[in-house]
Structure formats: C-alpha cells, structure tokens
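The values are calculated or read from the model by the stated rules, or taken from the named source; none is laboratory data. Only a predicted model underlies this, so the values are computations on that prediction, with no experimental measurement involved. Because the Cβ atoms are built from the backbone with ideal geometry, glycine has one as well, and the counts that use them run over all protein chains shown.
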Amino acid sequence: MKKHESPETSRLSRRGFMRTTAAGASGIVLAGASSDVLASGPAWQQTSEKKIRIGVVGGGFGVSFHWHEHPNCIVEAVSDLIPERRERLQSKYACEKAYESLEELILDPAIDAVAVFTEAPNHARHVIDCMEHGKHVISAVPACCTLEEAARMKEVKERTGLKYMMAETSHYRWETITARRLHQDGLFGELVYCEAEYYHPGIGWANNDLSMRDGKRTWRWGLPPMSYPTHSTSFLVSVTHERLVKVSCIGTKKPDDPGFQDNAYNNPYVNAMAMFLTDEGHPFRCNVCWDIHAHGERAQWLGTNAAMYMPGSGGQPFVLQLPDRSINTLPDYWHMLPEKMRYDSGHGSSHPFLTNEFVMALVEDREPEVDLYEALALTVPGIVAQQSSFKDGEQLEIPSFDLA
Amino acid sequence: MHFAATALTWIASAALAGADTPADAWQTAGEGAWQVLPGTPAVMWQGSPGVAASAVQTIPGTAAIVWRCFVEPAPTVDSAGIWFAATPDLASGYRLTLGGNPGLGGVQLHDASGTLLWEDKYAPWTYYTPYVLEGVAESGRVRVEVFRWDGATLEAQSDWIDAPGCAPDTMRACGLYAHGIARFYRWEPAVSPLSPIVADSPSKLRLVTSDDTEWTIIGPGEWKWMTPEKKILRQGADVFRSSVVNANLGGSEGTWRCRILLEKGAGGGGLILRTDPQIQTGFSIWLGGNHGAGSLMLYRIPDGQLWCGPQEQWHYDTEYILEGTVKDGKVSGKLMKADGTLVVESPQLDLLEKEKGLTGNLGLMTYIGKGRFWDFSDATRVSEAAATVEGPAASMLGSEWVVSGGVWTWHNEAILQNAREGLAAAVNKAVTGAKGVYSATITPQQDAQAVSLLFQVSPDMKEGFEIRLEKGLLLRTLSGRVLYEKPDFVWTGGTSYLVEGIVVTDRVSVRVSDPAGNVLLKTDDYYVSDTNNTRIGGIGFQTLNGTAEFINWAVRPLE
C-alpha cells in the first residue's frame, strides 16, 4: 500500500493488484476491494433502499447535478444568499424547503450531507462548517485555496470521520475512466509522461460576465490560473494515484486587462504552464490558461506500450494507440449509472457520475473515489505552482496531505 | 429486440449469485492470473495478457443448462467469454466468446476441441463495455446469444446447433474464459434463457454472417439489413471508411443505380462501379464534400477525384438516387432526388485505355459515418413507391433557409409566418456560430399560441436550443430537455421583443428585452453538453398555431 493510501481508500494500482495473496487451491486470488474497479465496471443496480438526505447550497453550478434523479437520494433543502438562485434550486430539485444561508441549512438535523457549490475561496470554510455540524460534504473544485486551509480540512475530516468528496469533473470524463482501466490492466506499460490542459478564455478578465455581478467583482476577477488546477491535475492523479511532489511554473501576463492588474490575489498571470514531478519520478506537464485561442479540458497519456489522446478544440480526434493497432472509439459508461441519470449535462458527461459516486459512497459507507486525500493531491500542487510562478519558475516542493 | 421484463428479473438475482460465490468454488485451467474482487457484484479479473485461461465451477442439477455472465473485454484481448455444458477438466464442453475478428469484433462458439461451431463474424463489440453472454445446452444441441449490458438488447444469436456429445445431465461445469485481459461479473446458472430464438436477430440481419454470401465487407463497419425482408442495407458504425462489394452485381458497361440516405454526422457515401473484390479498382459515384451539405463526386479508384460538383447538393436523412454509367469509353455520375428529379450530373469523362473493356462488380461505401442503401442493381429503375418519398420541403424564403410547415414570406427586411394553424419552422443556414449571442426581434401576433427563437440549431432541427414564448417562457434543448422555465413570464401579442439566446461554450442562457431596451428577463447559465463548445449551428424561428414577424436576426460574439 502506498503511503498516501488509507485502508479504506486503497487504490487498486497495477502493482497492488499483483501483490494480493492467493486463496485456496483454486488458483484464484482474492484481492482487496477497489472502488475504482467496481465503479468503473458493472452495470448499476439498486442494492439498497437507503435514502441520503442532501442539502444543496449554491444555485449557480449547483443546479447542474442530479440529486433528485438518484434512487438513493432526496433533496431535503436548498440554500443560496440570492433569492432568485434559491428559487432556481427549489425548482430544479423540486424542493420546498429553502434556507437563506449555508449557516442556517447546516443546522437542519434532517440533512445527512451537503453539496457545497459556493464560490471557490469559500469552499474550505464552508466544508469545514458542514463537517463541524456533522454533515458529509461534496464540494465544487478546488477543495481549498491555501495550504493552511488544506491542513485544516484534513484535521477536521480525520477528527470527525465524516466523508468528503470533491466534484472533480475530469475524474469521470470517459477518457479518464478509460485511462484508469488501461492503467489497472497494465496496458500503458509504464505511464512515463502525461500532458494535461484546461483552457477557458475569459476567466478572470475584467470584461467577462463571470468576473462581475451586480456591479461587484466576483471571485473570478483576476483569478490565478493555477488556483484552479484540478481539471488538469486529475487527468494524471485520478488515473495512477501518483502524487505530485515538485513543480516549476511559468506564467504569462495580460497587462492591458484591469482584472490582472488589481485583484484580490495580487496575481498578474492569465496563463500558467507547470512542469510537475511525481513521486514515481514521472514528469507531468500541466497548463491552465485563461487567454489562449483554444478551449476545453484534455490530456494525453504516453506509456511505453500504449498512448491515448483526448479530442481537442483544434479538431484532434480521440486515439488509443495500442502495440498492434489504433482505436478511435471511446466506450460509453452510461451503464454505471441509474437509468434516469444517463444523459449529458456537462463537463464530458461527468456530472451524473459525480452525483452517483457521492450518493453511493454514503449508502455503502465507504470513502468516495475523490476523497479528501485525493482532493488535496489534486488541489495543493496548483497552490504551490502558483507560488512558483510568482518566483519566476523556481522549482518548489509540494507538501503531502496524505495519511502519515 | 428487447426482453426487458425477463432481464430485470434475472439481474436482480444475479448480483447475489455473483457476490456469494466463494473463490474456492472455482477451478482454473491455463496460464491465467485470476483474481476475485469482492463487492456487489464481485468481479473476476483475468489480468495476464496474451495467455488463455479458464475458470469453471460445477453447477447443481441435471436439467438443461442456461449459463450467463457479464463479460467485459480489455482492448488488447484476443477473446473472452464463457464455458458451459463442460466437463470439469474441459475435455468436453462449449465455449462462447467475444472475438475472432481482430479490430472488428466477432462472436464465436467453439467446442472444447477448438472446432468452430458457429460464428457471427461482424458482431460489433467495444472494449471496456460489458456484454451478457449466454449459453443454452440441451441433450444433443446447444445455442448461444449475446446481449448489451442492459440484458435486453440482443447483439448476436445462433439457432440451435447440433451437438451430439452434449449431455447436460453430466456436463455441469460452467465458467469463464479469457485469452488476454478481461473482467467478469454476475455469473450464474438460470432456469430459462433471456430470449427465444427470433427471426430478426442481428446475426440474421447482419451481412455475410447471414446467407448473403455474395457480399464481401472491406474494412470495419456494421453492414446489416434493416428488416428480415432484406430490402434496405445499413452501415451503422461510426467508422472512417467502410465498403461492401457484391459478386453477383456488375458487368462491363451499363448503368448502375442505388437509393441512398446518409444519416446525421456522416461525411459521405455512395456507389462503387466496376470494382474488384478488394475494391482496388473501379469508380465511385458518391456524396462527399461538406458534411451534410456537400457535392456529388466522381472518383477513380485508387487515384482519387476526377470531378466534383457544387456543394449544398445533399443533406442528412434525405433519400436520393445515385446513378453511375460506363458506356462507350466514358464514365459519368448523376444525383437525383427521390422522385427522380435531376439534382446534378457529372460530365462524361474518358476511360483510360487500360480501363476499356474491363468488367467488375457493384459496391457500396460510407465515409465517416452511417448510411442506408437500397434498390441497388444494374437493372433498377425508379419505382413508383419510392418516388412518393419526399425530400426536404422547398424553402419559401430562399436558399439560405430550411423551412418546414407554415407559410413564410418576406416583408421588407422581416420574415412573416402567416399560417394560423399548425407548427411552422424556418432555420437560416447562413447565419451561424458556435458560442455567441443569437438574437432576433420577435413580434408574436395576438393569435399565436407559441413563438420561439431557435439558436445554435442544426438545419434538421435535431440539435440546438429553443426559447419558447408560450405560457410564460421556456428554455429547452431540441431533444426536449427543459433547462429553464418561468411560467409567470408575461408577453403580449402584437408587442416586439428582443430575444437572445446566449451560448457560452457548454453553458447557455436567455435574455429578453422590451423595445426600449429594458431587460425583462435574464436567466443564469445552464450547463449543457460540452460538445457544444465547438458545435456550429444557425438561428431559426418557430410558431405554433399563429402568426408572427421576425426581424434583425444575427449571431454576434459574446459581449
């Protein structure tokens, strides 16, 4: 077991698979349970009548999930500071009970878990508030914005024993699920290099709709790209569960945009390109860019025996290159979901998968796939990369927040 | 073909069977590395690449055997499937597997000696996708079937196959087989099969696998008759290029013809003349060029293009007649509407000296996508029945517009929909974009039940979004999913509204303003598929049971 794997969240790495112990004389080996393998394989079927009562906070991104369609979930209450957004949540999830704030909602004893889709700089505070009130939590990305917040989240999670999941969409993009399977099956050979990128022109710009609301700056005004790294880092970490241990990051500026001259983050960079090193000695190139003529989230995985390339906004097709042939067809994974949830609602069809995984983790009383340790392993490297960019690309070490 | 009720019953019990099977109930053979992953359901994983491995258990009873299992092959697997009605040492028995046609698919039934008993060579399957494989054994005969993961959609099925050595009362070993890496779950014996033998199983409709021995498939693809009558042949796979050639149709000179319909997303497809069994020679008369709005093309195989007609001559999901003629040292092609009206024809081009006097066969081909073909022969003429199939409605607004229903007219710079009853739509193919603001000023008249702005809409109106003023305001996808609804939004007949559909990559929103520019409604963003990031669409209008005026339509960049 790798040092960052808890007994509950033991990942079925290729090596872990082969180290399992033989049972009996049948030649069959009994392996430890793996949420990766089970969640990526068998067709979904209802195995429990248990209902998770969830409170949904944040009527922006928060309306794009499927809580009301999951057979094991009931939306107990919703909340947003803005009345129109509260109504939007009530309408989407057909929920009568609404609170004016998260702070009120988490006092409701009927609520088992809270879906926190508030603004990014408040994620850590809100997650901790929920856990301190005995609620399991799923939050939007990133999990946190500072190393101090990361440490505090870890302390609270381990003290309360509650479950946390980060709703990282790249984890359930179908290319990522496929890459995870290929890695488990050893078909990449050694996965020596991965490139990942998240391109979203306009984020952080002063004139962007998302940067201003009702005449006030939002949290996206001048947002440092590497403070939002998880769509990219997930393409490697969610596949191999390696940890990113060092980083050097270079930023580029947008000096003519007020968003990057005066912002809450003292951030001048609109694009950031980072080179990471993993704990297994693999390089990983990761871009997050707000001002580039490309769009979307994609990766390519290069192994010694196989390579896989995601489609891109430049028209690049999906290609899985195996030793003896290339495949251009990506499997679909709808069978992993309850029937009502089998439709695309954004981010590479990942939203219903995130919904299902969090609900089922609570129903089955297990850690979700993107648990707190995975979430911090996806988030913290970006925080350090951002610091590196402020130091002209100095290579910095990335602290671990895994179990000791 | 669906057998949902049966499948649901089975799946409910199968999970328990799989989860409860102890590891030591299995006996293995071969060089595999089998592992059981506990859970609900348990997963059996054969993780050794390139080796053949079996794991079997003996099931109780003496009656006929039905054995089934989900099988999920890795992309490098040679074959994976199930054993049934076998002896524990696997000296006798039957093995149903996915495989046998590398890179393309295939389903095969072998006996324990390796003799191939039955095959559906072109049955498609996808790696990391679970399929239900089922074997049925009675005394002296066996049959097999493969289902999609829903346990209801039949992918392949054999008839009963004579198996003189099959003795289910004593051959009770059933299990799993993999040559390469594969996963298995929900294995179980059952009382009855998931499906009876059916006349229209995919295996019987699939070209070549059925008794259509005159056809040869070149490359990947799913060539299948659409009905047991075998009238319409469909290539149903999203593959780059796929062709078939018919050994019984052909000749040296003459006119060859087929009816063709290309499905949405296809890059092209058409007719191949005077070709050889491997399609290394001959000519293709095909619909190519712009996808969904392209040209008639004439190619020499393998050299390439001889002639290309104007674009915008063919469209998706529309029936056409393609015709190719080789006569007097010339080759030419012709595209007609379904009723035989000429759309465009090529000039008559000279054959090369070496081509004169050659003979060959008729073929069909698709390019990047799916298509349907029928009435293909060297003798077919336009049938009266087929001629009744209509192409797209002629546009009343000019070539930029695709119109369906209603009475549409120009009024200065505006267009009017004048019909008081029914559903009417008009989509502009020239004003297009991906992300951006799709806007128009819309004036519903007093009589209108509903008036809509369609944005990022495809010409066939299968993709895109609708802002619908009816009882309130509705934003929905053209596939019918409601993104936003405001039943108390009040609009008034005879009043003009600036209606804007805003596409921000994978998020869309709505803004409605009055004539003075006051914003009456602005929604939040709603997440949609991120295929929307780059999808090109146009702007259009729709009315229901009433009249309306539309003006100042535009697609402009995001503010």
Residues within region B:286-320 that are of a type in the set (Ser, Thr, Tyr) and under 22 Å from B:Ile232 (Cβ atoms), tallied:
3
Of all the residues that make up region B:512-538, how many are surrounded by 13 or more Cβ atoms within 10 Å (Cβ to Cβ), within 14 Å of another protein chain (Cβ to nearest Cβ) and under 25 Å from A:Gly296 (Cα atoms)?
13
Looking at region A:347-401, which of its residues are aromatic (Phe, Trp, Tyr) and surrounded by 21 or more Cβ atoms within 10 Å (Cβ to Cβ)?
A:Phe353, A:Phe358, A:Tyr373, A:Phe401
Would you point out the residue of region A:312-327, among those that are in contact (Cβ under 8 Å) with a residue 40 or more places away in the chain and assigned to a loop (DSSP other than H, G, I, E, B), that is nearest to A:Asn287 (Cα to Cα)?
A:Ser313
Quick check, is B:Asp78 acidic (Asp, Glu) and under 17 Å from B:Gly30 (Cβ atoms)?
yes
How many residues are away from every other protein chain (no Cβ under 14 Å) and over 20 Å from B:Pro130 (Cβ atoms) when one looks only at region B:53-85?
8
Just wondering, is there one or more residues in region B:24-46 that are assigned to a helix (DSSP H, G or I), closer than 30 Å to A:Val363 by Cβ, within 36 Å of the chain's Cα centre (by Cα) and modelled with pLDDT under 90?
no
Name the residue, out of A:Met310, A:Met336, A:Met360, that is within 11 Å of chain B (Cβ to nearest Cβ) and at pLDDT 95 or above.
A:Met360
All-but-one check, A:Gly186 against (1) surrounded by 18 or more Cβ atoms within 10 Å (Cβ to Cβ); (2) of a type outside the set (S, T, N, Q); (3) farther than 30 Å from B:Thr126 by Cβ, failing number (3)
Give me a count of the residues in region B:227-250 that are in contact with a strand residue (DSSP E or B) (Cβ under 6 Å, 6 or more places away or on another chain), of a type outside the set (Gly, Ala, Ser) and under 18 Å from B:Glu214 (Cα atoms).
9
Taking interchain pairs and intrachain pairs at least six residues apart, which have beta carbon atoms under 7 angstrom, with the first residue in region A:83-104 and under 15 Å from A:Ser64 (Cβ atoms) and the second β-branched (Val, Ile, Thr) and buried (at least 19 other Cβ atoms within 10 Å of the Cβ)?
A:Arg88/A:Val63; A:Leu89/A:Val56; A:Leu89/A:Val63; A:Leu89/A:Val78; A:Lys92/A:Val63; A:Tyr93/A:Val56; A:Tyr93/A:Val75; A:Tyr93/A:Val78
Hits in region B:299-336 - residues which are within 16 Å of B:Ile260 (Cα to Cα), polar (S, T, N, Q) and touching a residue at least 40 places away in the same chain (Cβ under 8 Å)
B:Thr318
Given the conditions (1) free of Cβ contacts under 8 Å to residues at least 60 places away in the same chain; (2) of a type in the set (S, T, N, Q); (3) assigned to a loop (DSSP other than H, G, I, E, B), report the number of the one that B:Thr62 does not fulfil.
(1)
Tell me which residues, restricted to region A:162-208, are under 17 Å from the mean Cα position of the chain (by Cα), away from every other protein chain (no Cβ under 12 Å) and in a loop (DSSP other than H, G, I, E, B).
A:Lys163, A:Ala167, A:Glu168
So which residues in region A:245-270 are out of contact with any Lys or Arg (no Cβ under 8 Å at 6 or more places or on another chain) and not in a loop (DSSP other than H, G, I, E, B)?
A:Val245, A:Lys246, A:Val247, A:Ser248, A:Cys249, A:Ile250, A:Gly251, A:Thr252, A:Lys253, A:Pro258, A:Gly259
With B:Gly50, B:Gly114, B:Gly93, B:Gly106 as the choices, which residue is surrounded by fewer than 18 Cβ atoms within 10 Å (Cβ to Cβ) and either among the hydrophobic types (A, V, I, L, M, F, W, C) or more than 14 Å from every other protein chain (Cβ to nearest Cβ) (or both)?
B:Gly114
Could you list all residues from region B:497-506 that are surrounded by fewer than 21 Cβ atoms within 10 Å (Cβ to Cβ) and within 8 Å of chain A (Cβ to nearest Cβ)?
B:Val504
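Residues checked against (1) without any contact (Cβ under 8 Å) to a residue 40 or more places away in the chain; (2) out of contact with any Ser or Thr (no Cβ under 9 Å at 6 or more places or on another chain); (3) outside any strand (DSSP E or B):
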{"position": "B:Ser509", "(1), (2), (3)": "yes, no, no"}
{"position": "B:Gly517", "(1), (2), (3)": "yes, yes, yes"}
{"position": "B:Asn532", "(1), (2), (3)": "no, no, yes"}
{"position": "B:Phe541", "(1), (2), (3)": "no, no, no"}
{"position": "B:Phe550", "(1), (2), (3)": "no, no, no"}
In region A:313-333, which residues are within 10 Å of chain B (Cβ to nearest Cβ), among the polar types (S, T, N, Q) and closer than 24 Å to A:Glu190 by Cα?
A:Ser326, A:Asn328, A:Thr329
Considering region B:133-157, residues that are outside any strand (DSSP E or B) and within 14 Å of chain A (Cβ to nearest Cβ), and then whichever is farthest from the chain's Cα centre (by Cα), we arrive at B:Gly151
Only unsatisfied item for A:Leu107, checking (1) touching a Ser or Thr at 6+ places or on another chain (Cβ under 9 Å); (2) outside any helix (DSSP H, G or I); (3) more than 19 Å from A:Leu362 (Cβ to Cβ); (4) of a type outside the set (Lys, Arg), is (1)
For the structure I just gave you, tell me whether A:Cys95 is at pLDDT 95 or above, surrounded by 19 or more Cβ atoms within 10 Å (Cβ to Cβ) and closer than 30 Å to A:Gly222 by Cβ.
no
